[in-house]
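The block underneath contains the structure these notes are about, expressed in structure tokens.
The values are calculated or read from the model by the stated rules, or taken from the named source; none is laboratory data. Everything numeric here is computed off the predicted structure, so don't read it as measured data. For neighbour counting, all protein chains shown are included, and Cβ atoms are generated from backbone atoms with ideal geometry for every residue, glycine included. The area values use the complete protein model at the heavy-atom level, side chains included, leaving out ligands, DNA and RNA. Shrake-Rupley method; radii C 1.70, N 1.55, O 1.52, S 1.80 Å.
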Amino acid sequence: MLSRRSLFIPALLLGLPLLFAEYQRPAPPQIKPAIPTANRNVPDRIFLERADELRKAETDSFMVLVGDVVFTKGGMTMRCDSAHYFPDTESMQAFGNVSMEQGDTLFVYADELDFDGPADVATLYADTGKKVRLINRDVTLETDIFTYDLGIDLGFYDVGGKLYDQKNTLTSLKGEYVPSTKEANFYTDVHLNSQDEKDTLNIFTDTLYYNTGTHVAELLSPSEVYNARGEIYTRSGVYDTDSNRVTLYERSTVVTKEGQTLVADTIFYDRTAGYGEAFGNMVLTDTAKKVDVYGAYGYYNELADSSFITGRAMITQLSDTDTLYLHGRYIESFRVFDTIQVAADTVAGTPEMTRIDTTHAAVVYPRVRFFRRDMQGICDSMRFTEKDSMLRMYTHPVVWNENQQIFGNIIEIHFNDSTMESARLPKQGFAASHIEGPHYNQLSGKEMFAQFENGQLRRLDVSGNVEIIMYPEENDSTINKIVNATSSFMTVWFKGRVTERVKLWPKTEGTTTPLFLARKSLFYLPKFQWYEGLRPLNKDDIFIIPKEMDDLMSGNAENNDVRKKTTIQTSVQ
């Protein structure tokens, strides 16, 4: 008979494997997919691929998954450390080292995820001090909370975020991004700046569209653009940050680093090529020079430092006393190169050399007309050179001041700080002033030179074939005689509007005839013309081109003698 002890020993030995099994439990088996043979590419289904552990209480509607959790949905793979999965709605909450991967192009990293299965929307969160990150090839988006609608492939944030690619960095309070099309929209406190340290581009706005593939930004609200060459203010525009080309709409403003301001309905500018175009009611303002330029179309070449304007083109210049309004069909400005020979300096030991000097010139043509209250004029072309501050008028130039008129083949006017300092008619000059009825004081010569002080005529010199018709005033300011005279040279000094002294030399011939005995042939010099019908009467009149002016500039004009009554026909440019 076996004792109790002997029975106990075999029983104990038989129980050792059970005790050993308690201490050497094998690793839990890998969770197998719920539908092992299902097609994993079904876009609207979620599949649990694996987890280290799965737990579920009978009263819970979700499963607890722990350890290297992997889900798939269509081409998307989601990984995390642990998750609560709701099989009925295919929704989940994921925690720890959350990632979403689609192929080898799209990656999203977060610390926590909420996925709404019916809505097909994932919301990702980052722990304090960290960011949710979306990486799409060379594009990275960072934010604290990121919502991704898988159904329409749209991700967005509204707590502030940053997107950057190889070209630019964009920050905003709210943003949207579509990985498949690389389109992004940014709202509220938007800032775009270039990743290139050599590029100073900065854009500030509240609504901006951006494509991370093309690096094109569309400005859709009041925006400010800054770079080393100036500033831009616009409500609507397209900026290609790869090619540095910008197109602006809705009366945008460009301010250059030199302080010039351009406003137009539409502006195109190529920063790399250095040229721009302006369309529709353009206004170019140079505050330093007090000059405004207007036109329907303008072109500017920054590298060549040249510009072209047309379409009711007009220049206005503000002086201390008045504003000049000047019109021509075309206005151009450009850089002029002058070659200067510098003599050798034997003391300093420098040889003779050639130096290139640059200045600027502007031309206005054809059918030029200008108006200022104290001066009006016409010609067919006009040229202003900055180096010598000289304005030259070509092809039948005529200038009026009150009842006075001068004309010649060429008129040259020298300015000092926008004030006329001198005027010269180098190839035949004619001056006349209307007294009354058919009577005009007249002066003709091969060359005329006038000097001004404070805008007032101070001295007039006439050289070569001087011819004069004058009507001297009597003490009671009446006229009763006419003086006809010729000489070689003449100088007249003025004080205000009064003639102080007249000098003619070396020899003077002339006659004085009472008016009641004077024949009509004595009233006019051979070259006399009175162009009052062509005179601009106000700032709007500069755009009206009389037919007689067109004929005069074309060389088709007939005698416009004051004794002939003409009908003025006009056209508008």
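Below is a table of values for the structure above.
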quantity	calculated
Qualifying position, being modelled with pLDDT of 75 or more and out of contact with any Cys (no Cβ under 8 Å at 6 or more places or on another chain), among Leu54, Leu14, Leu18	Leu54
Subset of the range 111-129 (residues that are more than 30 Å from Thr214 (Cβ to Cβ) and either part of a strand (DSSP E or B) or open to solvent by 30 Å² or more (accessible area, probe 1.4 Å) (or both))	Asp111, Glu112, Leu113, Asp114, Phe115, Asp116, Pro118, Ala119, Tyr125, Asp127, Thr128, Gly129
Every pair of residues 6+ apart whose Cβ atoms lie under 7 Å, when the first sits in the range 40-53 and is more than 21 Å from Gly103 (Cβ to Cβ) while the second is modelled with pLDDT under 90 and open to solvent by 50 Å² or more (accessible area, probe 1.4 Å)	Asp52/Pro28; Glu53/Pro28
Members of the range 217-252 that are more than 16 Å from Ala273 (Cβ to Cβ) and open to solvent by less than 30 Å² (accessible area, probe 1.4 Å)	Ala217, Leu219, Ser221, Ser223, Val225, Ile232, Thr234, Ser236, Gly237, Leu248, Ser252
Answer from Val108, Val98, Val69, Val64 - the residue that is part of a strand (DSSP E or B), open to solvent by less than 50 Å² (accessible area, probe 1.4 Å) and touching a His at 6+ places or on another chain (Cβ under 8 Å)	Val64
Near pairs, Cβ below 9 angstrom, 6+ apart or cross-chain, from the range 97-119 (closer than 21 Å to Arg137 by Cα) to any residue that is among the acidic types (Asp, Glu) and crowded, with 18+ Cβ neighbours inside 10 Å	Asn97/Asp111; Val98/Asp111
Breaking point among (1) buried (at least 16 other Cβ atoms within 10 Å of the Cβ); (2) modelled with pLDDT under 90; (3) under 28 Å from Thr513 (Cβ atoms), for Phe452	(3)
Within the range 288-325, tally of residues that are within 16 Å of the chain's Cα centre (by Cα) and of a type in the set (Val, Ile, Thr)	2
Output for the range 412-429, where each listed residue is closer than 24 Å to Val291 by Cβ and part of a strand (DSSP E or B)	Glu412, Ile413, His414, Phe415, Asn416, Thr419, Met420, Glu421, Ser422, Ala423, Arg424
When residues of the range 443-457 are limited to those that are of a type in the set (Gly, Ala, Ser) and assigned to a strand (DSSP E or B), the one nearest to Pro426 (Cα to Cα)	Gly445
Tally of residues being farther than 21 Å from Asp380 by Cβ and either open to solvent by 50 Å² or more (accessible area, probe 1.4 Å) or at pLDDT 90 or above (or both) across the range 317-337	6
Test: residue in the range 279-297 that is in contact with an Asp or Glu (Cβ under 6 Å, 6 or more places away or on another chain), among the hydroxyl-bearing types (Ser, Thr, Tyr) and touching a residue at least 60 places away in the same chain (Cβ under 8 Å)	no
Some residue of the range 501-522 being touching a Pro at 6+ places or on another chain (Cβ under 9 Å) and either open to solvent by 30 Å² or more (accessible area, probe 1.4 Å) or of a type in the set (Gly, Ala, Ser) (or both)	yes
Whichever residue in the range 142-164 is in contact with a Phe, Trp or Tyr (Cβ under 6 Å, 6 or more places away or on another chain) and open to solvent by less than 40 Å² (accessible area, probe 1.4 Å) and, among such residues, is nearest to Gly213 (Cα to Cα)	Gly155
Filter result (part of a strand (DSSP E or B), more than 15 Å from Val364 (Cβ to Cβ) and open to solvent by 50 Å² or more (accessible area, probe 1.4 Å)) within the range 379-405	Asn401, Gln404
In the range 479-522, the residues that are in a loop (DSSP other than H, G, I, E, B) and either within 16 Å of Asn465 (Cα to Cα) or modelled with pLDDT of 90 or more (or both)	Asn480, Pro506, Lys507, Thr508, Ala518, Arg519
Where Asp206 falls short, out of the listed (1) among the charged types (D, E, K, R); (2) open to solvent by 50 Å² or more (accessible area, probe 1.4 Å); (3) not in a strand (DSSP E or B)	(3)
Residues (farther than 10 Å from Val398 by Cβ and part of a loop (DSSP other than H, G, I, E, B)) located in the range 531-546	Pro536, Leu537, Asn538, Lys539, Asp540
Check on Tyr239, more than 25 Å from Val291 (Cβ to Cβ), under 13 Å from the mean Cα position of the chain (by Cα) and at pLDDT 95 or above	yes
Residue within the range 413-421 that is more than 36 Å from the chain's Cα centre (by Cα) and not acidic (Asp, Glu) present	no
Single residue of Thr169, Thr188, Thr214, Thr200 found to be in contact (Cβ under 8 Å) with a residue 12 or more places away in the chain, surrounded by fewer than 16 Cβ atoms within 10 Å (Cβ to Cβ) and on the phi > 0 side of the Ramachandran plot	Thr188
Tyr325 hydroxyl-bearing (Ser, Thr, Tyr), in contact (Cβ under 8 Å) with a residue 40 or more places away in the chain and under 26 Å from Phe371 (Cβ atoms)	yes
When residues of the range 72-95 are limited to those that are assigned to a loop (DSSP other than H, G, I, E, B) and of a type outside the set (Val, Ile, Thr), the one surrounded by the fewest Cβ atoms within 10 Å (Cβ to Cβ)	Asp88
Residue identified as more than 18 Å from Thr200 (Cα to Cα) and of a type in the set (A, V, I, L, M) among Ile232, Ile267	Ile267
Selected residue [of a type in the set (A, V, I, L, M, F, W, C) and over 41 Å from the mean Cα position of the chain (by Cα)] from Leu391, Leu425, Leu443	Leu443
